[in-house]
Structure formats: C-alpha cells, structure tokens
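Where a number appears in this text, it was derived from the coordinates with a stated rule and is not lab data. Just so we're clear, the structure is a prediction, and the values are computed from it rather than from any experiment. Here the Cβ positions follow ideal geometry from the backbone for every residue, glycine too, while neighbour counts run over all protein chains shown.
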Amino acid sequence: MNGRDESAEVSSPHAIEARASRVGRIVAGVAAVLVLASVPAVGLSRFASANEDVLEQTQHELKHSKHELQEAKDKYRAQTRKIRALQGVMNRLATRISRAEQEILQIESRLDKLQRQVMKLQVRAALLQAKLDERSRQAYMSGGVPILYVLTATSAADAASRMSFLTEMNRRDAVLARKVRETTDRIAQIEAEVVRGRQIVELQKRSLEMDRKELQRKMEQSRRLVAKLSGRIEQIQIEISLMRPLAVCPVGGPHAISDNFGDPRPEPGGGFHWHQGDDIMAASGTPILAPFDGVASVSHSFLGGLGVYVQGEYGFVYNAHLSQLGTLGPVEVGDVVGYVGSTGHSSGPHDHFEWHPENGPAVDPYEFLMLVCSVPL
C-alpha cells in the first residue's frame, strides 16, 4: 500500500482529466522556458540559473504526472476488468439458480402425480384383496376342502361339473392373486421412485441454497468494486443511451442476469409455456427503471403478478413480479417505475424483463442487457 486513497485515484475520469490538465500546465511551463531561451544573452544572463532550476523541476513534475496518469488509467482498467469478470460469474450463477428452481418444480410436480397414483393403486389393491378374501370365505363355506366337494357329487356327470367349476374358480383366484401381487409390486416401485425423487430434490435444494449464498457474496463484492467507478458508469450510460435501444439497465442496483429466454416453464395447472424474457435477480425493493423515455402503465396477471409496461418510441418493455409500483404515466429514462418483488408465479425476488421491438413479439433481450448492465449500477 502506498498510503494514498486508491478510490480517489480511480474514482472517475474527472481525476484523469485533472491530471491531464496538470500535464498541460506543465507543458506550457516548459514552452515558456523555451521562449525565454530566445531572449538576447544580456537579458537572459540574469535569469539563466533560475530558468535551469525551473526547467529541471518542470521536467521532474511532468515525468511524475505522466506516471500518475498512467497508473490511474491502469487501475481503472483493472477495476473494470474485475467488475466485468465478476458480472459474468454472477450471470452464470443466476442462470444456474433459475434452471435449478424450475427443475425442482418439475420434479416436485412429478412426485405429486406419483403420490396420487400410489393412492389410486392402494385403493385398487385393497379392493382386489377384499375380493380374494371373499373367495376364500366362500370356498370355506362350500366345504373347505375341494376334494370333499367332488366326492359328494350324486353322479359322474355331477362330479365332472364340480371339477370344472373348481378348476374355473382356481383359475379366477390365481388371476385375482396375480393382480393383487402386481398392484402391490407397482406400489412398491412407485414409492421407491418417490423416495429417490425426494432425495434428489433435497440435494438440489441444498446446492441451490449454496448458489444463492455465493451469488449474495458476489453481489456484495460487486457493490464494493462499483463504488469506485460510479462516475465512469454514469458516463458510459450516457454514451450508450445515444446508440442502443435500452439506455440504462432496467434494474437500478446490484443484480445478476439469467440468460433463460425461451426456456420451458411449467404452469401451476399443468403444461408449460416458453419463457418470454430474461430474469434479472436482485434484492426485493431494488428500483426498476424506465430504460428509455415513454409511458409507464400497470399490469396484473396470475403468472406475472404486479407488472409495469414502458411504451417507448421503438417498442415496449414489460417488467413482472413487482413488489410495488413507481411512477406511472409519462416517464423519462432512469425514472423508477417499480420495485423488484416476487408477486405472481415466482420462486424469489427478481425482475422478469421482456423487450418487444416495434411492439411485436418478445425477443431475447440478453445481449441488449449486456450493453447496459455489464457494469452494474
């Protein structure tokens, strides 16, 4: 450590510009010294010694200032690389978390179906067993021992008839017993599958919890790094707003973008739909911003919960699962139109973000988001 405030050196381009200005003044000083060198020898003799000292000092300050300027630039670039690398890690974590959550939901849905199937099979097995027990009771009431039933026949024809009857009853009993056994075996198989499924879900939930904690740590690390570059971020956002459809990141705080556009999503009543946006994970209550000038309007739906549209000149965006609304009606880029939440069909706080260019179908917004969110707010 050199004892200087590192954040002050790398905080924004203003520090770099200040040093550049200082370099300019120093160069001007050098030029002044050179001009003095053109004065006639008689006038210059009185200042020769002083000018040599000034030149030497100016050269030293120029060299030192150039060194400081380069050092500040290097530190700024290093910090930017760290933030971009960290953002990539957080985005991959967010994608993995999102897909793990959906996989857990799918497994749990299947386990529920299997459990209902087990209940139906248990009822069937009980009914079959009751029939089998009834057959045993009837056989007992008919004489208990089949041979006695045959020996008590009144004629050979009667004996043959009774033998045929016993054979058919035995066949039916065997079929009934086989059905009971098959049903019981199937119940055991499904119950074993349910147990294995529960174990898989438990392991995935533990892994998911670890990923969530890791994402929180990365977000905190990102927050510390970003604090050193807030001025530069603002400048980048202004530049981007002039040439990109999204002028600012729609989530105004530490976040992680899940690249999950087009993923299949199960629905509560069965079936699934294709995911029409990207999920931007952030803490509940994080501001959601208008990414361009337009008009904000509220939306309510079962899947999306509380949402807000921002209709702009070249299309509209849709944000879902809000905890509460912000400014509605005419808005400017960067205005808070809502806050991150988990309303509707949601497994945790995030902004479901859709981009509809030219008011048409949703398109994958990931690359557009990367242009404005690769360095978080």
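Couple of notes before you dig in:
- Where labels lie 7 Å past Cα in the beta-carbon direction, separation of GLU358 and ARG172 in nm: 7.3 nm
- The range 277-295 versus the range 332-377: alpha-carbon centroid distance in Å: 5 Å
- Among residues other than ALA192 with Cβ under 15 Å from its Cβ, the summed charge is +1 (Lys and Arg +1, Asp and Glu -1).
- Inter-label distance, GLU108 to GLU193: 2.0 nm, where each label sits 7 Å from its Cα along the C-beta direction.
- By average C-beta atoms within 10 angstrom, highest first, the peptides 114-120, 350-356, 300-306: 350-356, 300-306, 114-120
- Equivalent ellipsoid semi-axes, the range 267-321, via Cα gyration tensor eigenvalues times 5, rooted, Å: 22, 14, 11
- On the basis of the beta-carbon distance and an R0 of 41 Å, VAL336 and MET210 show a calculated FRET efficiency of 0.80.
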